[in-house]
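Here is the structure we will look at, set down as structure tokens.
What follows draws every value from the coordinates through simple rules; no lab data is involved. Quick caveat: nothing in here was measured; it's all calculated off a predicted structure. When we count neighbours, we look across all protein chains shown, and the Cβ atoms used for this are built from the backbone with ideal geometry, even at glycine.
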Amino acid sequence: MTRSAFAAVITLVSLACSANAQTAIQANLERPILKSEATVTGDIVRIGDLIENAGIVASVPIFRAPDLGYTGTISSEAVLEAVRSHALIGVATGGVRDIVVRRATRTIPIKEVEDAVAGTLSAKFNLGPANEILVNFAREMRAMYVEPSAQGNPRVTHIDFDARSGHFDAMVEFPTGKGTLVRLSGRAFATIEVATATRTIDAGTLLREADLQLERRPRGEVGRDVVTKREQAIGFAARGALQPGRPIRVADLMKPDLVQRNETVTLVYEVPGIVVTIRGKAIDAGAEGDVISVLNEQSKRKVQGTIVGPGRVLVNNGAPRFASNTSKATANEVTR
């Protein structure tokens, strides 16, 4: 055999092997293969949902889909048995024993239903802004599941409301594609945001931002003297013990003491053109603006003054009286 003839034979063999390999690959690609999981739309599971390369029988229904919002499993044996009558053989399982089937779903959360009811109550019964209305349903509510193609939000078609008790009865339409109506009842209240303690706070404790949180409560339950903003309480002291979850009232707070009893303080005397400071000893405790008694350590006399800052008391009844052996220079004159 000549060299050229031998080369031609080798080329033919190579082409044949390549063609066979491509045919094998193509056959393998087109072979029906069982899926390990599937997501379906609608209430029917079809062959093509569970098997790749199902061909002309892909659209044939074989099982009922899980309910909206649920997931199910189907054994591989059940699938192979179901497709056998449709002449689909040689399905590769790839070791899959169970197929997880999910139902494509659009979720309508409870919050959307509450917002629909609150919005209608706000518009129809003048309960204030919708975001300040608290809605409590009489029975436990769960999220509703609808088809992904369903458009729109829950809509209140009719509602009755008793302002005294806060009770309501409503008909709510859900976007299920069929306009499903559901009757819902419960109670609704106009609310106000109030400050509460995040922990038990002892009397006299200075309140910080971390000690406070805001919660919504029915207006009729809290009265008008509640603290509605953190800023109204931060920097104040608790007049008595504060319990977590209980609305904080203005009367529960007091200005923090800037002077403690028996504390050494600075007495400030002001007369026209002169400011004099002298050491004293507080007889009383007090907050800014409180009038307390202080012992003037120079004259050993008791005076009264107004707390103007930490450890600082302003005396407004004239110049200080100095001890007989004390000169005015030792009175610590500050300005003249």
Given charges at beta-carbon only (K, R positive; D, E negative), |dipole| of the chain in Debye:
960 debye
Check every DSSP H run in the chain and write down those whose alpha carbon atoms cover 20 angstrom or more along the long axis and whose mean Kyte-Doolittle hydropathy is -1.0 or greater.
3-30, 110-125
Given a cut-off of under 8 Å on Cα pairs at least six residues apart, what relative contact order in percent is computed for the chain?
9 percent
Over the alpha-carbon set of segment 128-171, work out the extent along each principal axis and list the three values in angstrom, largest first.
41, 23, 20
Calculate log10 I(q)/I(0) of segment 106-255 for q = 0.19, 0.21 Å⁻¹, where I(q) comes from the Debye formula with a single equal point scatterer on each Cα and nothing for solvent.
-1.01, -1.13
Principal axis box of the chain, alpha-carbon based, largest edge first, Å:
141, 77, 33
Would you kindly calculate the translational diffusion coefficient of segment 88-149, applying Stokes-Einstein with the Kirkwood radius from alpha carbon pairs, for 4 °C and a viscosity of 1.567 mPa s, and quote it in µm² s⁻¹ without decimals?
83 µm²/s
Lysine pair number, Cα distance threshold 22 Å (strictly under), the chain, separation 8 or more or different chains:
9
Over the chain, the sum of -39500 (n - 2.57) across DSSP H runs of at least four, divided by residue number and rounded to 500 deg cm²/dmol, gives at 222 nm -5500 deg cm²/dmol
By per-residue mean of other Cβ atoms within 10 Å, what is the highest-first order of 263-275, 287-299?
287-299, 263-275
Asp162 to Glu140: extension gain in nm, 0.36 nm per residue of separation minus the Cα-Cα distance?
5.8 nm
Percent RCO, i.e. relative contact order, over segment 75-147, from Cα pairs under 8 Å lying at least 6 residues apart:
34 percent
Computed over the Cα atoms, what is the radius of gyration of segment 158-219 divided by 2.2 N^0.38 Å, N being its residue count?
1.88
Let me know the charge dipole size of segment 31-104 about its Cα centre in debye, to the nearest 20, where only the beta-carbon of Lys, Arg (+1) and Asp, Glu (-1) is charged.
100 debye
Taking only Cα atoms of segment 181-285, radius of gyration then Dmax in Å:
21.3, 83
Taking amide hydrogens as modeled 1.01 Å from N in the peptide plane, which residues meet the under 5 Å criterion relative to Phe236, leaving out close sequence neighbours?
Leu207
Spherically averaged projected area in nm², based on the convex hull that wraps the Cα atoms of segment 30-152
10.3 nm²
With a Förster radius of 25 Å, plug the Cβ-Cβ distance of Ala78 and Ile56 into 1/(1 + (r/R0)^6) and report the FRET value to the nearest 0.05.
0.70
One would report the Cα pair-distance distribution of segment 192-254, bin width 5 Å, in %, as 4, 22, 35, 26, 11, 2
